[in-house]
1. On C-alpha positions alone, give me the angle between the axis of helix 35-45 and the longest principal axis of the chain, in degrees, nearest 10.
2. Measure nothing fancy, just the Cα-based angle from helix 71-83's long axis to the longest principal axis of the chain, in degrees from 0 to 90, nearest 10.
3. Let me check I have the definition right: for the range 65-140, take the eigenvalues of the Cα gyration tensor, multiply each by 5, take square roots. What are those semi-axes in whole Å, largest first?
4. With just the Cα atoms defining each centre, how far is the range 106-159 from the range 9-83? Give it in Å.
5. At what distance in nm do the modelled label points of A134 and H107 sit from each other, each positioned 7 Å from its Cα along Cα→Cβ?
6. Mind grabbing the base-10 log of I(q)/I(0) for the range 106-168 at q = 0.21 Å⁻¹? Debye formula, identical points on the C-alpha positions, no solvent, two decimal places.
7. Can you tell me the orientation of helix 153-167 relative to the chain, as the angle in degrees between its alpha-carbon axis and the longest Cα principal axis, to the nearest 10?
8. Tell me which of L110, C152, A53 sits at the most positive position along the dipole axis of the chain, charges placed on C-beta atoms (Lys, Arg +1; Asp, Glu -1).
Amino acid sequence: MAVAHDFTLGSVDVALSPRERFAEFLQARGKRITRQRQVIVDHVASRHEHFDAEQLLADLRTTPQGARASRPTVYRTLAEMVDAGLLHKMVLDGRAVYEHDYGYPQHDHLYCTACRILIEFSSDEVAAIRDAVAAKHRFLPQGHRLLVTGLCADCRTSRSKSRHQDRV
């Protein structure tokens, strides 16, 4: 999954590390944090990129500590990380894609359906519209998710060129 890098999210101060937050979440549900779960959480938390479960599994298999992570454990741990508020899951072109949610500011996405680039952005205007609509309905917003699909500038340009060439 390609991500445009001209926008930096920054971070939000959090009281617990992702590993501590996940351990607290599991403990509250009577589950334990196994070594495999720790490796997965640490690996995901160590980088900010959008990924799917198969990419994560392939990445883990290249590390000595992650080589033993099983496919079911990866899928189960990702679902638990979503439930714990550590990750956000988006479905793009029929596949689940994950991104960090814990410790990152509110942001939205533009998704090119041709080249699959995912562009992150933050907009005060979008937040203002959200707040105005919520106020009109006497609703207290706590966040939002916006995913705009379409074609990026590069894909529009290449499609325009190919259409022009088809006519010649």
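1. With both axes taken from Cα atoms, the answer is about 30 degrees.
2. 80
3. Details: eigenvalues 184, 60, 26 Å².
Ellipsoid semi-axes (Å, largest first): 30, 17, 11.
4. 27
5. For the pair A134/H107, the computed spacing is 2.0 nm.
6. Evaluating at q = 0.21 Å⁻¹ gives log10 I(q)/I(0) of -0.84.
7. Once rounded, the angle reads 40 degrees.
8. Most positive-ward Cα: A53.
A short reminder: the numbers here are calculations on the coordinates, not readings from a lab. Since the model is a prediction, treat every value here as computed from it, not as a measurement. Using ideal geometry, Cβ is built from the backbone for each residue, glycine included, and neighbour counts are taken over all protein chains shown.
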